[in-house]
1. Need a quick list: helices (runs of 4 or more DSSP H) entirely within the stretch A:1-102 having at least 3 residues that are open to solvent by 60 Å² or more (accessible area, probe 1.4 Å) and either within 14 Å of chain B (Cβ to nearest Cβ) or within 26 Å of A:Met145 (Cβ to Cβ) (or both).
2. Given (1) within 17 Å of A:Ser71 (Cα to Cα); (2) in a helix (DSSP H, G or I), identify the lone condition not met by A:Ala118.
3. Just give me the residues in the stretch A:1-51 being of a type in the set (D, E, K, R) and within 24 Å of the chain's Cα centre (by Cα), in sequence order.
4. Looking only at the stretch A:183-198, decide whether some residue is facing chain B (nearest Cβ under 9 Å) and in contact with a Lys or Arg (Cβ under 6 Å, 6 or more places away or on another chain).
5. Could you please let me know if A:Ala178 is open to solvent by less than 30 Å² (accessible area, probe 1.4 Å), part of a helix (DSSP H, G or I), under 21 Å from B:His123 (Cβ atoms) and within 11 Å of another protein chain (Cβ to nearest Cβ)?
6. Looking at the stretch A:13-63, which of its residues are within 12 Å of DNA strand C (Cβ to nearest atom) and at positive phi?
7. Return yes or no: is A:Phe137 of a type in the set (Phe, Trp, Tyr) and open to solvent by less than 10 Å² (accessible area, probe 1.4 Å)?
8. Return yes when A:Glu188 is open to solvent by 40 Å² or more (accessible area, probe 1.4 Å) and farther than 25 Å from B:Leu129 by Cα and no when it is not.
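The values are calculated or read from the model by the stated rules, or taken from the named source; none is laboratory data. None of the values given here were measured: they were computed from a predicted structure. Cβ placement follows ideal geometry from the backbone for every residue including glycine, while neighbour counts extend to all protein chains displayed. Protein only, heavy atoms only, side chains kept; ligands, DNA and RNA dropped before computing areas. Shrake-Rupley method; radii C 1.70, N 1.55, O 1.52, S 1.80 Å.
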There are 2 protein chains.
Amino acid sequence: MSEKKRGRPRAFDAKVTLEKAREVFWDRGFAGTSLDTLSAATQLNRPSLYGAFGDKEALYLDVMEAYRAESMDVLADALDPSLPLRDNLANVYKSALKIYLHGDTAARGCFLISTATAEAIQHERVRDLLRRSLADFDDAIEQRMALAVERGELPEGSDVHMLARLASAVMHSLAVRARAGDSRRTLEALAKSGIDMICGKA
Amino acid sequence: MSEKKRGRPRAFDAKVTLEKAREVFWDRGFAGTSLDTLSAATQLNRPSLYGAFGDKEALYLDVMEAYRAESMDVLADALDPSLPLRDNLANVYKSALKIYLHGDTAARGCFLISTATAEAIQHERVRDLLRRSLADFDDAIEQRMALAVERGELPEGSDVHMLARLASAVMHSLAVRARAGDSRRTLEALAKSGIDMICGKA
DNA sequence: ATTATTTTATGCGAAACGGTACAAAATGAG
DNA sequence: CTCATTTTGTACCGTTTCGCATAAAATAAT
């Protein structure tokens with residue numbers, strides 16, 4: 001993995017630290033989170049945070065990237081091509097809701113949609129990473145849908161590019177509504193309707 | 001309208017001030033906006049802001065409420081029942097994109113989805129007003145769709161409740177994607193696909 | 001004119017903010 | 001052991017933050 005370095009060894013795991021930082025950012029947003037709060041949550045003092053990740057924006061970007069990568073892993077699992085497309089979409093929404101509805105005081109929604117959008121104007125790198133994250137998600141679904149057309153799960157000549165983006169659109173709405181406090185029942189109904197609209201009524 | 005008050009008259013218009021404050025919040029988010037910035041943008045010193053609107057959260061809530069009300073007016077215009085439902089939805093998305101794609105440095109998306117979501121966990125009143133705003137929007141579209149069923153624009157027995165929420169879902173996605181920097185062309189294509197999906201391919 | 005009432009403007013103050021300097025501590029290399 | 005290197009912890013810096021205290025200014029009521 002990594003060769004032993006010269007100086008004093010780190011007393012923390014960078015990946016775990018990013019996860020702890022993510023929890024704070026997720027609840028309070030980027031601008032609403034202070035370095036003191038991050039320091040307390042990660043149990044690292046500010047200089048250690050600074051040394052390992054750079055300033056607050058760089059740390060936030062690292063958290064964003066980790067979330068993007070994790071999301072793509074979850075999506076890849078949900079889109080298991082040995083299952084029908086309809087089941088795939090159900091799994092996508094189910095795993096999304098599992099994430100979105102978690103939270104201490106209230107459901108947190110999607111980390112990117114709930115916190116990165118707020119910074120997207122002032123911080124160009126946040127905006128770019130957000131756009132890339134959404135596009136990656138769209139593309140993965142589109143790829144599965146292209147396969148579905150080949151297999152006859154979707155009608156010949158389906159516009160898989162737009163179908164995929166509509167499938168993502170339902171998820172964006174789930175994210176926003178979850179953060180706004182909509183009930184699990186309400187969100188599950190929206191997910192089901194979305195599936196019916198894209199795959200045809202079962 | 002309002003009877004003359006006793007003391008020194010206000011040198012500003014509260015509605016105009018809320019609009020100026022909105023511009024700042026829209027670009028920088030709630031937590032990312034300081035009272036100094038708001039004071040400069042509104043040309044009111046802090047004590048005047050405080051006297052007229054209360055603290056920063058109260059001011060933000062006033063801005064949210066004004067945006068919600070304006071959005072409902074725009075929506076009502078777009079849903080003009082003398083036009084076909086398909087045209088109505090096209091107008092809804094067109095007027096939404098007109099708002100979302102405006103901005104100095106980058107497209108700002110939806111004020112509520114881009115800035116209120118970030119605060120929704122920590123500020124319960126923001127979360128509640130956000131949820132109410134989304135619900136009002138859904139309900140207005142649902143009402144128009146119920147009329148569409150009566151008129152035969154939509155098939156008998158259509159689930160107008162869910163159709164309306166899917167139509168909103170497309171708009172939520174337009175809002176998020178606009179803020180992430182997607183092009184007008186891309187967003188217009190998504191809007192068109194959404195209409196086709198809900199009203200049937202033209 | 002005087003008084004009561006409300007808004008404006010200056011400026012304060014305590015706290016929180018992001019970021020860093022510096023020295024102590026902990027490791028590997030020689 | 002000695003030195004170079006890296007991380008850790010304390011303490012600090014200048015700035016910004018939110019909110020308010022206070023007094024001047026502008027109006028209506030009397």
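1. It comes to A:56-78, A:85-100.
2. A:Ala118 satisfies all of (1) within 17 Å of A:Ser71 (Cα to Cα); (2) in a helix (DSSP H, G or I) except (1).
3. Step one: of the stretch A:1-51, the residues of a type in the set (D, E, K, R) are A:3-6, A:8, A:10, A:13, A:15, A:19-20, A:22-23, A:27-28, A:36, A:46.
A:Asp13, A:Lys15, A:Glu19, A:Lys20, A:Arg22, A:Glu23, A:Asp27, A:Arg28 - these are the residues of the stretch A:1-51 that are of a type in the set (D, E, K, R) and within 24 Å of the chain's Cα centre (by Cα).
4. The answer is yes, given that some residue of the stretch A:183-198 is facing chain B (nearest Cβ under 9 Å) and in contact with a Lys or Arg (Cβ under 6 Å, 6 or more places away or on another chain).
5. Yes, satisfied.
6. A:Gly29, A:Gly54
7. Judged against the criteria, A:Phe137 is not a match.
8. Numbers: open to solvent by 40 Å² or more (accessible area, probe 1.4 Å): yes; farther than 25 Å from B:Leu129 by Cα: no.
Criteria not met by A:Glu188.
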